[in-house]
Amino acid sequence: MMGTDAKLMKLKERVQAVVDSTAGHVSFVLEDDYGQHLEMDGCTQKKAASLIKIPILLATFKQVEHGRLKLSDRFTINVESRVGGAGVIAQLDSETDFTLWDLLTLMITVSDNTATNKVIDILGMDAVNEFCAKYGLSRTKLERKMMDFKAAAVGFENRTSARDMVACLKLLLNSRSDIFTEESRQQMLVILQGQQLLDKLPFYMNLDSVKVANKTGELPGVEHDCGIVTLGEKKLMVAVLVDDLFTNSMGKRAIQEIGRLVEEYMRGSCS
């Protein structure tokens with residue numbers, strides 16, 4: 001179990017202190033694999049930024065399970081389709097092609113926007129949104145591609161909530177669920193565990209003993225991170241979404257501090 005009620009309430013108090021000192025709005029959900037739960041404004045819908053890439057990953061694997069795609073399928077990305085922001089594809093040779101596995105790995109581990117847009121083209125937005133609707137991600141919606149400023153300017157925005165992000169993570173950990181096969185769950189976890197962007201939740205963690213499978217997101221005024229934190233046999237799913245920020249550094253510091261508190265809590269409850 002996650003710990004005594006007293007320890008859980010102490011964690012809540014310490015997280016609340018971080019929230020109170022942050023000049024922005026913080027949503028937070030923490031849940032262990034036994035169902036013990038801590039939440040602050042978890043249902044609040046926010047701009048998803050790159051967190052939307054987790055539902056895209058899940059929806060893609062569901063299409064693979066249905067036999068509509070193969071992880072070994074190969075795709076070429078033309079120069080006109082390459083976009084800026086996070087990622088590496090925009091800097092690679094234009095003749096490079098990629099397997100679907102490559103695209104999903106780049107989409108998550110380095111948050112590659114060009115890879116993400118290609119996966120959206122392959123699936124179609126409807127497939128992602130249908131997945132979200134079917135599996136209870138009621139506050140999550142994909143409305144535009146990455147770096148599509150014209151769509152954003154006329155009101156199209158990708159959105160999610162801390163609770164929906166933890167629900168996605170639960171789909172990866174729940175071996176009793178029949179939503180995904182064990183093989184798919186393990187493959188998706190391998191991708192998330194390869195995350196290269198470790199400057200938020202994992203920032204203060206001792207990564208020699210703590211494993212983190214996470215996905216970050218950011219936009220001007222927005223900083224997010226969510227992931228599965230593992231210490232020994234202990235697992236916690238955490239999502240921290242911060243928006244309405246004057247400066248992004250304030251949100252990043254809040255997420256880093258919450259990550260530190262989560263590790264301290266896990267070590268205390270594991271002793």
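Take the conditions in contact with a helix residue (DSSP H, G or I) (Cβ under 6 Å, 6 or more places away or on another chain), among the hydrophobic types (A, V, I, L, M, F, W, C) and surrounded by 23 or more Cβ atoms within 10 Å (Cβ to Cβ) and apply them to residue 169. Does it pass?
Spelling it out, it is not the case that residue 169 is in contact with a helix residue (DSSP H, G or I) (Cβ under 6 Å, 6 or more places away or on another chain), among the hydrophobic types (A, V, I, L, M, F, W, C) and surrounded by 23 or more Cβ atoms within 10 Å (Cβ to Cβ).
Would you be able to say whether some residue in region 29-36 is surrounded by fewer than 21 Cβ atoms within 10 Å (Cβ to Cβ), touching a Ser or Thr at 6+ places or on another chain (Cβ under 8 Å) and charged (D, E, K, R)? Within region 29-36, not a single residue is surrounded by fewer than 21 Cβ atoms within 10 Å (Cβ to Cβ), touching a Ser or Thr at 6+ places or on another chain (Cβ under 8 Å) and charged (D, E, K, R).
One line per residue, one yes/no per condition, for (1) at positive phi; (2) crowded, with 23+ Cβ neighbours inside 10 Å; (3) of a type in the set (Ser, Thr, Tyr); (4) under 17 Å from the mean Cα position of the chain (by Cα):
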{"position": "95", "(1), (2), (3), (4)": "no, no, no, no"}
{"position": "125", "(1), (2), (3), (4)": "no, no, no, no"}
{"position": "130", "(1), (2), (3), (4)": "no, no, no, no"}
{"position": "138", "(1), (2), (3), (4)": "no, no, yes, yes"}
{"position": "147", "(1), (2), (3), (4)": "yes, no, no, no"}
{"position": "151", "(1), (2), (3), (4)": "no, no, no, no"}
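Sub-6 Å Cβ pairs linking a first residue in region 58-86 that is closer than 14 Å to residue 113 by Cα to a second residue that is assigned to a loop (DSSP other than H, G, I, E, B) and modelled with pLDDT of 95 or more, at least 6 apart or interchain, are 86/111, ordered by first then second residue. Pairs are defined by a Cβ separation below 7 Å, a sequence spacing of at least 6 or placement on different chains, a first member in region 14-26 that is farther than 16 Å from residue 249 by Cα and touching a residue at least 12 places away in the same chain (Cβ under 8 Å), and a second member that is part of a helix (DSSP H, G or I) and of a type in the set (Val, Ile, Thr); the pairs so defined are 15/258.
Taking the conditions exactly as written (within 18 Å of residue 52 (Cα to Cα) and either among the charged types (D, E, K, R) or touching an Asp or Glu at 6+ places or on another chain (Cβ under 7 Å) (or both)), does residue 216 satisfy them or not?
On the way: within 18 Å of residue 52 (Cα to Cα): yes; either among the charged types (D, E, K, R) or touching an Asp or Glu at 6+ places or on another chain (Cβ under 7 Å) (or both): yes.
Criteria met by residue 216.
Screening region 179-271 for strands (runs of 3 or more DSSP E) wholly inside it with 2 or more residues that are modelled with pLDDT under 95 and not small (Gly, Ala, Ser) returns the ranges 234-243. As a summary of the residue check, residue 85 satisfies the conditions (1) among the small types (Gly, Ala, Ser); (2) at pLDDT below 85; (3) under 29 Å from residue 135 (Cβ atoms); (4) part of a helix (DSSP H, G or I) except for the one numbered (4).
Can you tell me how many residues within region 198-248 are more than 19 Å from residue 18 (Cβ to Cβ), surrounded by fewer than 24 Cβ atoms within 10 Å (Cβ to Cβ) and not hydrophobic (A, V, I, L, M, F, W, C)? Number of matching residues: 10.
I need a count of the residues in region 30-51 that are of a type in the set (Gly, Ala, Ser), assigned to a loop (DSSP other than H, G, I, E, B) and at positive phi. Show your work before the answer.
First, pick out the residues of region 30-51 that are of a type in the set (Gly, Ala, Ser): 35, 42, 48-50.
Right, trim to assigned to a loop (DSSP other than H, G, I, E, B) and you get 35, 42, 48.
Narrowing the set further to residues that are at positive phi leaves 35.
Residues meeting the conditions: 1.
A search for C-beta distances below 8 Å between a residue of region 191-206 that is on the phi < 0 side of the Ramachandran plot and any residue that is polar (S, T, N, Q) and part of a loop (DSSP other than H, G, I, E, B), counting only pairs 6+ apart in sequence or on different chains, returns 197/111.
Listed here are the residues, each with its yes/no results for (1) among the charged types (D, E, K, R); (2) under 17 Å from residue 195 (Cβ atoms); (3) modelled with pLDDT of 95 or more.
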| position | (1), (2), (3) |
| --- | --- |
| 109 | no, yes, yes |
| 120 | no, no, yes |
| 125 | no, no, yes |
| 134 | yes, no, yes |
| 138 | no, no, yes |
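The values are calculated or read from the model by the stated rules, or taken from the named source; none is laboratory data. Just so we're clear, the structure is a prediction, and the values are computed from it rather than from any experiment. Note that each Cβ is placed from the backbone with ideal geometry, even for glycine, and that neighbours are counted across all protein chains shown.
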